[in-house]
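Notes to accompany the following structure.
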Amino acid sequence: MDYRNFLQNTAEEYRLPYFGNGSVCDGKRTWKIRDDSLRPGWYRFRPSGRALDAIESIAPEAFEWESRGIKGPNPGYHAIGRFVGDTRQAHLYDLPEDEDLERFTPVTAWEWFDGNLLLGAIEFETDAETAVREAYEDETSIEAIKAVTPALANAFILETTARELGREAVRRREETRLLREQDAKNRANQARITAAENSIEGRIAIALSHSGAELIDWRRNGGGTVAVRYRVGGQRIECIIDSNTLSIVDSGICLDGTDGELNLTSLPSAVQEAIDTGQLHVYRRG
């Protein structure tokens with residue numbers, strides 16, 4: 001045998017459709033495709049070892065393969081990029097790249113050797129397709145429409161289901177967006193609350209509220225102290241506190257020298273008790 005029979009013919013080429021699954025076939029042989037980024041379509045291929053390399057994109061040539069074994073034409077309809085027949089639904093290849101077919105367009109499809117479907121031709125419409133399209137747009141039933149084939153009914157179900165799923169996806173995205181916005185607002189509010197609570201004014205207000213007192217105003221008083229004006233039992237009183245510990249430096253009322261035993265949380269209770277017993281003597285009124 002001549003050894004040249006084993007040498008690859010570099011002039012050999014193949015014109016085949018690629019369906020995006022990493023290989024192509026012509027009914028007799030299957031080749032691997034080296035380019036993982038190759039998009040589905042028709043290409044001119046050249047052998048490279050045991051694989052094929054795409055040389056250039058070409059126009060669809062399904063009709064030229066009719067006499068070479070592909071099955072068809074198979075009648076059906078176009079719906080959401082798929083071929084819909086009486087008993088089969090599958091992705092439809094070779095759809096126009098620069099325009100979209102109308103919903104429920106009658107088409108024929110060729111079946112490639114590996115089972116994938118290629119667009120054959122766009123067929124003429126009847127009154128049934130027009131009526132079904134209007135029912136889809138009006139969101140009404142097709143039960144009363146005459147001459148609706150099983151394939152056309154299947155296409156209608158597929159399109160209406162896809163529309164509802166699309167609406168649900170939009171609703172869920174909007175719901176998620178609103179939840180995220182609310183969550184962001186809640187976090188911002190909590191951050192502001194935390195910042196307020198950690199401020200000197202926030203700490204003073206919280207401490208007073210524990211005994212039912214109301215903060216009126218406050219000011220720095222020098223030496224790490226703060227003058228606090230508050231209201232309790234109808235009385236306005238001013239006291240001096242340590243800004244770090246909130247302990248009482250000067251209670252503003254007569255406590256017989258026990259000011260240092262109190263803090264801003266317990267002082268209003270002492271004031272209220274003095275009010276209740278008629279023993280309140282204020283010398284720092286707010």
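So here's what we get for this one:
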quantity: Listing of strands (runs of 3 or more DSSP E) fully contained in the range 26-89 that carry 3 or more residues being within 21 Å of Leu101 (Cβ to Cβ); calculated: 71-79, 82-84
quantity: Residue count, the range 228-246 (criterion: more than 52 Å from the chain's Cα centre (by Cα), of a type outside the set (D, E, K, R) and in a strand (DSSP E or B)); calculated: 6
quantity: Out of Asp86, Asp98, Asp53, sole residue that is surrounded by fewer than 17 Cβ atoms within 10 Å (Cβ to Cβ) and in the same structural domain as Ile33 (by TED's automatic domain parsing); calculated: Asp53
quantity: The one condition in (1) modelled with pLDDT of 85 or more; (2) out of contact with any helix residue (DSSP H, G or I) (no Cβ under 9 Å at 6 or more places or on another chain) that Gln190 fails to fulfil; calculated: (1)
quantity: Residue among Arg203, Arg192 that alone is under 23 Å from Leu246 (Cα atoms), touching a residue at least 40 places away in the same chain (Cβ under 8 Å) and charged (D, E, K, R); calculated: Arg203
quantity: Meets criteria (of a type outside the set (S, T, N, Q) and modelled with pLDDT of 90 or more) for Arg284; calculated: no
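Listed here are the residues, each with its yes/no results for (1) among the acidic types (Asp, Glu); (2) free of Cβ contacts under 8 Å to residues at least 12 places away in the same chain; (3) surrounded by 14 or more Cβ atoms within 10 Å (Cβ to Cβ); (4) farther than 22 Å from Pro60 by Cβ.
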residue	(1), (2), (3), (4)
Glu102	yes, no, no, no
Ala109	no, no, yes, no
Trp112	no, no, yes, no
Leu118	no, no, yes, no
Asp127	yes, no, no, yes
Thr130	no, yes, no, yes
Glu134	yes, yes, no, yes
Thr140	no, yes, no, yes
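Each row is one residue, and each column tells you yes or no for (1) in contact with a Phe, Trp or Tyr (Cβ under 7 Å, 6 or more places away or on another chain); (2) closer than 21 Å to Arg203 by Cα; (3) not polar (S, T, N, Q).
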position	(1), (2), (3)
Ile216	yes, yes, yes
Asn221	no, yes, no
Cys239	no, yes, yes
Ala270	no, yes, yes
Ala274	no, no, yes
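The values are calculated or read from the model by the stated rules, or taken from the named source; none is laboratory data. What you see is a predicted model, and the numbers here were worked out from it, not measured in a lab. Cβ sites come from the backbone with ideal geometry, for glycine too, and all protein chains shown count toward neighbours.
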